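The values are calculated or read from the model by the stated rules, or taken from the named source; none is laboratory data. None of these values were measured; they are calculated from a predicted model. Cβ sites come from the backbone with ideal geometry, for glycine too, and all protein chains shown count toward neighbours. Heavy atoms of the whole protein, side chains included, go into the accessibility calculation; ligands, DNA and RNA do not. Shrake-Rupley method; radii C 1.70, N 1.55, O 1.52, S 1.80 Å.
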Protein chains: 2
Amino acid sequence: MRLSLSITALALAIAASSAFAADKQTTIPQTAVAQVPQLREQALASDLGWKITESLTTEVGARLPGTEADARAVEWAVAKFKELGYDKVWTEPVTFPKWVRRSESGEVLGAHAQHLVLTALGGSPGGTVETEVVRFADLAALQAAPEGSLAGKIAFVDYQMKKTQDGSDYRHGGGIRGRGPTVASSKGASAFLMRSAGTASHRVAHTGGTRFADGVKPIPSAALSLPDADQLARLVKLGPTKVRIALDVGFDGEYTSQNVIGEITGSSRPDEVVLIGGHLDSWDHGTGAIDDAAGIGITMAAAALIKPLKPARTLRVVAFANEEQGLFGGRAYADKYFKDVARHHIAAESDFGAGRIYAFDSSAPAYAKPAVEQIAKALAPLGIEYTPGEGGPESDIGPLAARGMAWGSLSHDGTDYFDLHHNADDTLDKIDPKVLAQNVAAYTVFTWLAAQSDGDFGSAPKAAEPRGGE
Amino acid sequence: MRLSLSITALALAIAASSAFAADKQTTIPQTAVAQVPQLREQALASDLGWKITESLTTEVGARLPGTEADARAVEWAVAKFKELGYDKVWTEPVTFPKWVRRSESGEVLGAHAQHLVLTALGGSPGGTVETEVVRFADLAALQAAPEGSLAGKIAFVDYQMKKTQDGSDYRHGGGIRGRGPTVASSKGASAFLMRSAGTASHRVAHTGGTRFADGVKPIPSAALSLPDADQLARLVKLGPTKVRIALDVGFDGEYTSQNVIGEITGSSRPDEVVLIGGHLDSWDHGTGAIDDAAGIGITMAAAALIKPLKPARTLRVVAFANEEQGLFGGRAYADKYFKDVARHHIAAESDFGAGRIYAFDSSAPAYAKPAVEQIAKALAPLGIEYTPGEGGPESDIGPLAARGMAWGSLSHDGTDYFDLHHNADDTLDKIDPKVLAQNVAAYTVFTWLAAQSDGDFGSAPKAAEPRGGE
């Protein structure tokens, strides 16, 4: 009964939306567009984004979800929003399984005994394994191994990620990390090793989350630094090679962190929200500078820089909790706000580092194209190209975007992103303050114009998505 | 009595040498020069140097003096010389205090609690220190601190080494490492921290030896990675900063390693030796690829490539033991052979990485200038410039050079050397096989022509040096 009612309501909504689609058009008032040059230049000249990023990475440092530093990061974000003059600041709980890393080590045994630099994958169980290594060139090769053929062995997937501007080869690197341990375990392996999903040959291993499929026995899983993967591949070529992996890691109960939210209240449409943000947590080896203190710095600064212009709509900046271990913050946000999708005017997240922003796209429908093109034109002086069909919603806004929230994308150049991603080298010195200012300028322009638009960008509940409460 | 005899003998020797100096001239026969182009091209096309370097770094890995891997490296070198067809292969004992590294860690305490990447300096005692950090911009600033002013504090010297082609700023970086701990201790400090003597901002700390002056209490001493030094400097600027350093390291008895020597016997002057080589040991974090497996690979390959030409003089390649902790191998060699200085026709060591060789120089006196210029001309097609007065003997041949052995220098471009020096990033992938082949070609040309010269390069016992046995 409720279901049938719901479908009827939905059909009506779709019909209504189609009826209006031909007529309505979203545009941005010229008064708002006229303010862009000054706003853009002001953002380019400002070091606010840098100062925020420096503060988070220095004063808190690494922010592994569930650690004492996670709690300090939440306190930091609340204090920083207030210090920046946000009108409303609050937190919303995000609960997740707590995964801890106490120690980890690897070594080659026998005639070529030597240390290996590796790091446990997030979600790996602890354990010590001493056995022979079997190398696979990629995930497909591992998948092709006969069932049971890896019994008592360590599966080593040695795929080298390629550098690309859009980071697209992460689908391979990240795919191995996500699915490799499950495949290895299902074939009887005692442990899983991979060449880090990374692109720079420094002796720092790239961590990141994995997840074992239901019914598969979790096995100790780790990533080698690129030079160590080279070394292990050479040793395996010389002959049978035994390795010892000792991981003291694993899940340890639950933890409740917080999404931290700061708002600048809209002057004329306070109930409509332009959402921007990044994630507050990080992996533990670096200080999470490009992943994702930069996203926090960029978006906290952008809204603060817009504030004196009294934006029409509310600017909401979200510092999401625990993105790294499974989008927990983004999913909690979506669970809380999916009924309010239509009030989320448009959203954009910065979670792909601090490289130059080079491309803009949006999910906006045809009737909002005039506004999208006005934004694109305002971004062009920053060296940003309008690339329809090439963008997508970043991590934490994904769950609500899947439920119908409109998104904009401001794509960072990711050529060097996987040099630093999830490893110890992700530190403040890797960010160029001038490039970060360009990032802030891009978010400032986008957010300001989106907040001033006449008409919407297409946010509407999506029929295709399950709706928890109904 | 013996002393006075010795001085008389020396005076006679000097007089004799002066009498001949005006007449004699060292040159290289045209038949030898004529063989250079083919030898040079053959070396450039050969991967022998690479294969040797790959073998040492892969099969042995890191080779900290006194470890099980040190012994394996000695075995490896003996076997490799034999495999390459050297006529004589032997070892000579080198004894030194054994220094061990078991574990090391650093962390900031208090409100900004976070992990610090650091590494103990070789020669540091173990110990755990938890106290406030006092930052100094350089060694001079530390030296200027009032006596006793550092009581109960950690002295942190934050000097950033500069990149140069000749690596000359290592005199600052290495100077801080060598003398900083002594200065800090003498002013009452509980521990010593320094910004690594390095030039790349990866989160790998650069180790290296230090030595406490007599009468000064050894204190735990470590180097921070560059990003960690940046971080600590920022934290100290924010306010009083406490750090915990825990080093489980220290001296543990004596160890006897070996200089490993391979010879290709001279066809007409077997008693005269052209000595080339590198050092076999390495620090423990990397696999000692540029420091100094490359030197071993370059010189082992060079003599092997010359062998078919039946050189007139004996080619002696020395893989020196424990260079890193105080030139132990080079000093043992000099102690054993100082009476044979005149038989050491000329020597050259490769211990400055595997960058392109760009400069050539020699200690040869004026009468040998024609031969030196012939060598320089033969090196020029490799892009090597003759730079009189700018070279010097590398590490391990220094002690015997100080006692009068003539030397040649083939200077590697060291611009990026201190990106990798003494840290975990010193791995095989950092060596360009083509550039390494240029290095081998340079050593091949130099060694061949030196072995064929008519006349000497000025090797003669030096009056100014103390002579241990007399």
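General remarks:
- Hey, B:Asp214 within 14 Å of chain A (Cβ to nearest Cβ), more than 18 Å from the chain's Cα centre (by Cα) and not in a strand (DSSP E or B) or not: no
- From the list A:Lys82, A:Lys98, A:Lys163, A:Lys88, the one residue that fits, being buried (at least 19 other Cβ atoms within 10 Å of the Cβ) and of a type in the set (D, E, K, R), is A:Lys98.
- Output for segment A:37-66, where each listed residue is in contact with a strand residue (DSSP E or B) (Cβ under 8 Å, 6 or more places away or on another chain) and not aliphatic (A, V, I, L, M): A:Gly61, A:Pro65, A:Gly66
- Only listed residue being closer than 23 Å to B:Met300 by Cα, in the same structural domain as B:Gln35 (by TED's automatic domain parsing) and touching a helix residue (DSSP H, G or I) at 6+ places or on another chain (Cβ under 8 Å), chosen from B:Phe352, B:Phe338, B:Phe328, B:Phe418: B:Phe352
- For segment B:183-202, the tally of residues that are surrounded by fewer than 24 Cβ atoms within 10 Å (Cβ to Cβ) and charged (D, E, K, R) stands at 1.
- Those helices (runs of 4 or more DSSP H) of segment A:34-100 in which 3 or more residues are within 27 Å of A:Pro125 (Cα to Cα) occupy A:68-83.
- Among the residues of segment A:81-94, just one is out of contact with any helix residue (DSSP H, G or I) (no Cβ under 8 Å at 6 or more places or on another chain), of a type in the set (Asp, Glu) and either within 14 Å of chain B (Cβ to nearest Cβ) or in contact (Cβ under 8 Å) with a residue 40 or more places away in the chain (or both), namely A:Asp87.
- Some residue of segment B:231-247 being among the small types (Gly, Ala, Ser) and within 27 Å of the chain's Cα centre (by Cα): no
- Residue within segment A:411-418 that is among the acidic types (Asp, Glu), more than 23 Å from A:Val33 (Cα to Cα) and in contact with a Ser or Thr (Cβ under 7 Å, 6 or more places away or on another chain) present: no
- Cβ-Cβ distances below 8 Å connect the following pairs, each with a first residue in segment B:47-58 that is in contact (Cβ under 8 Å) with a residue 24 or more places away in the chain, a second residue that is crowded, with 22+ Cβ neighbours inside 10 Å and among the charged types (D, E, K, R), and a separation of six or more residues or different chains: B:Ile52/B:Lys80; B:Ser55/B:Lys80; B:Leu56/B:Lys80.
- Residue ID - surrounded by the fewest Cβ atoms within 10 Å (Cβ to Cβ), chosen from residues in segment B:110-125 that are within 12 Å of chain A (Cβ to nearest Cβ) and assigned to a loop (DSSP other than H, G, I, E, B): B:Ala113
- Criterion (out of contact with any Asp or Glu (no Cβ under 6 Å at 6 or more places or on another chain) and open to solvent by 10 Å² or more (accessible area, probe 1.4 Å)) met by exactly one of B:Glu373, B:Glu394, B:Glu390, B:Glu323: B:Glu373
- Count of segment A:166-182 residues which are under 15 Å from A:His206 (Cβ atoms) and either open to solvent by 40 Å² or more (accessible area, probe 1.4 Å) or aromatic (Phe, Trp, Tyr) (or both): 2
- Within segment B:163-206, the residues that satisfy the criterion of being among the hydroxyl-bearing types (Ser, Thr, Tyr) and within 14 Å of chain A (Cβ to nearest Cβ) are B:Ser196, B:Thr199, B:Ser201.
- The single residue among A:Ala402, A:Ala376 that is among the aliphatic types (A, V, I, L, M) and free of Cβ contacts under 8 Å to residues at least 40 places away in the same chain turns out to be A:Ala376.
- The residues listed here are B:Asp432, B:Asp425, B:Asp419; of these, the one that is among the acidic types (Asp, Glu), closer than 27 Å to B:Lys307 by Cα and either without any contact (Cβ under 8 Å) to a residue 40 or more places away in the chain or within 14 Å of chain A (Cβ to nearest Cβ) (or both) is B:Asp432.
- Test: residue in segment A:64-76 that is within 18 Å of A:Thr265 (Cα to Cα), of a type in the set (S, T, N, Q) and open to solvent by 40 Å² or more (accessible area, probe 1.4 Å): no
Residue by residue, here is whether (1) under 24 Å from A:Asp429 (Cβ atoms); (2) within 11 Å of chain B (Cβ to nearest Cβ) holds:
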position: A:Leu48; (1), (2): yes, no
position: A:Ser55; (1), (2): yes, yes
position: A:Ala79; (1), (2): no, no
position: A:Phe96; (1), (2): no, no
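- Tabulated pairs, segment B:230-251, first polar (S, T, N, Q), second open to solvent by 40 Å² or more (accessible area, probe 1.4 Å), C-beta under 8 angstrom, 6+ apart or interchain: B:Thr241/B:Gly110; B:Thr241/B:His112; B:Thr241/B:Glu132
- Residue in segment B:421-433 that is within 24 Å of B:Phe457 (Cα to Cα) and touching a Lys or Arg at 6+ places or on another chain (Cβ under 6 Å) present: no
- Looking across segment A:136-151, just one residue is modelled with pLDDT of 95 or more, open to solvent by 40 Å² or more (accessible area, probe 1.4 Å) and under 12 Å from A:Ala189 (Cβ atoms), and that is A:Ala151.
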